[in-house]
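Undergrad: The structure under discussion is supplied below as structure tokens; questions concerning it will follow.
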Amino acid sequence: MQTYDLAERGLRGLNSALHAQDEGASQGRWEVVNPRGSHAVAVGLDAPLEVFVRGSTGYYCGGMNQRATIRVEGSVGPGVAENMMSGSMVVDGDASQYAGATGRGGLLVIKGNASSRCGISMKGIDIVVHGNVGHMSAFMAQAGNLVVCGDAGDALGDSIYEARLFVRGSVKSLGADCVEKEMRPEHVVILKDLLERADSDAAPTEFRRYGSARKLYNFDIDNVADY
């Protein structure tokens, strides 16, 4: 494993070194020490790397990830795994606002709580939060799965499209066009797989499913107040 001291060698050098790795890289496992809340750590990776960040980071950690496996042994600031395409990211602590925003693929696991707008405009990413999520989570979520093992705040799934939301605890309120839906056998299968991959011991049968009522797909004067 290659160890990189971020405090001594700087962020530009770290990301440049990670970007230089390719399929045949002999140093495919990296340890980043002394992150001290740095922003944009391990962004834009496009190789099957393993990156272990030993401490908390600032905003956009792991953004635009493709194929890499990233783990943060701490908490993260806003926009973790923003626009992630594939691969996986695990946060051992808490996540600030808009975790997994616009993500198109891959798996984001947050072992603690996530703040507001978790999964905003998600487009295929899978997000599993072991704790709670804040208000407006999954706002305009288009595709993918958001799993919340704790509680959800106000306006969950506001203006949602075809993403699936699974919540184990309470939901403070649902957003426009978001409704509770039947938990069918195929959804239990999807949820069971995600919980196992996220190292959660929660039972799929303890969750409720939410999704789009599909009333806002086309303009209807009867629904004008919801637009």
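The values are calculated or read from the model by the stated rules, or taken from the named source; none is laboratory data. Since we're looking at a predicted model, the values are computed, not measured. All Cβ positions, even for glycine, are placed from backbone atoms using ideal geometry, and neighbour counts span all protein chains on display.
Undergrad: If a residue has to be modelled with pLDDT under 95, under 25 Å from the mean Cα position of the chain (by Cα) and part of a loop (DSSP other than H, G, I, E, B) to count, how many in region 23-44 make the cut?
TA: So the first thing to find is which residues in region 23-44 are modelled with pLDDT under 95, and the list is 23-29.
Keeping just the survivors that are under 25 Å from the mean Cα position of the chain (by Cα) gives 28-29.
Adding the requirement that they be part of a loop (DSSP other than H, G, I, E, B) leaves 28.
So the answer is 1.
Undergrad: How about region 45-62: which of its residues are surrounded by fewer than 17 Cβ atoms within 10 Å (Cβ to Cβ) and either within 15 Å of residue 12 (Cα to Cα) or modelled with pLDDT of 95 or more (or both)?
TA: 50, 54
Undergrad: Oh, and also: What residue, among those in region 46-71 that are among the aliphatic types (A, V, I, L, M) and over 13 Å from the mean Cα position of the chain (by Cα), is farthest from residue 149 (Cα to Cα)? Please lay out each step first, then the result.
TA: At the first step, the residues of region 46-71 found to be among the aliphatic types (A, V, I, L, M) are 47, 49, 51, 53, 64, 68, 70.
Retained after the next criterion (residues that are over 13 Å from the mean Cα position of the chain (by Cα)): 47, 49, 51, 53, 68.
Numbers: 47: 31, 49: 28, 51: 26, 53: 24, 68: 25 Å.
So, considering only residues that are among the aliphatic types (A, V, I, L, M) and over 13 Å from the mean Cα position of the chain (by Cα), the one farthest from residue 149 (Cα to Cα) is 47.
Undergrad: Within region 63-89, take every residue that is surrounded by fewer than 20 Cβ atoms within 10 Å (Cβ to Cβ) and among the aliphatic types (A, V, I, L, M) and give me the one that is nearest to residue 167 (Cα to Cα).
TA: 85
Undergrad: Please indicate, with yes or no, whether at least one residue in region 109-118 is over 30 Å from residue 157 (Cα atoms) and surrounded by fewer than 22 Cβ atoms within 10 Å (Cβ to Cβ). Explain how you work it out, then say what you get.
TA: Our first condition is that a residue be over 30 Å from residue 157 (Cα atoms); within region 109-118, this holds for none.
Checked region 109-118: no residue is over 30 Å from residue 157 (Cα atoms) and surrounded by fewer than 22 Cβ atoms within 10 Å (Cβ to Cβ).
Undergrad: Can you tell which of 129, 148, 109 is under 18 Å from residue 81 (Cα atoms) and in contact (Cβ under 8 Å) with a residue 60 or more places away in the chain? Give the derivation first.
TA: Details: 129 fails: in contact (Cβ under 8 Å) with a residue 60 or more places away in the chain; 148 fails: in contact (Cβ under 8 Å) with a residue 60 or more places away in the chain.
Going through 129, 148, 109 in turn, the sole match is 109.
Undergrad: Counting only residues that are closer than 10 Å to residue 125 by Cβ and either modelled with pLDDT under 95 or among the hydroxyl-bearing types (Ser, Thr, Tyr) (or both), which one in region 72-103 is nearest to the chain's Cα centre (by Cα)?
TA: 102
Undergrad: Now a separate question. Output the residue which, of all residues in region 163-196 that are exposed (fewer than 15 other Cβ atoms within 10 Å of the Cβ) and among the hydrophobic types (A, V, I, L, M, F, W, C), is farthest from the chain's Cα centre (by Cα).
TA: Checking each candidate, the answer is 179.
Undergrad: Kindly list the number of the only condition in (1) assigned to a loop (DSSP other than H, G, I, E, B); (2) surrounded by 13 or more Cβ atoms within 10 Å (Cβ to Cβ); (3) in contact (Cβ under 8 Å) with a residue 24 or more places away in the chain that fails for residue 15.
TA: (1)
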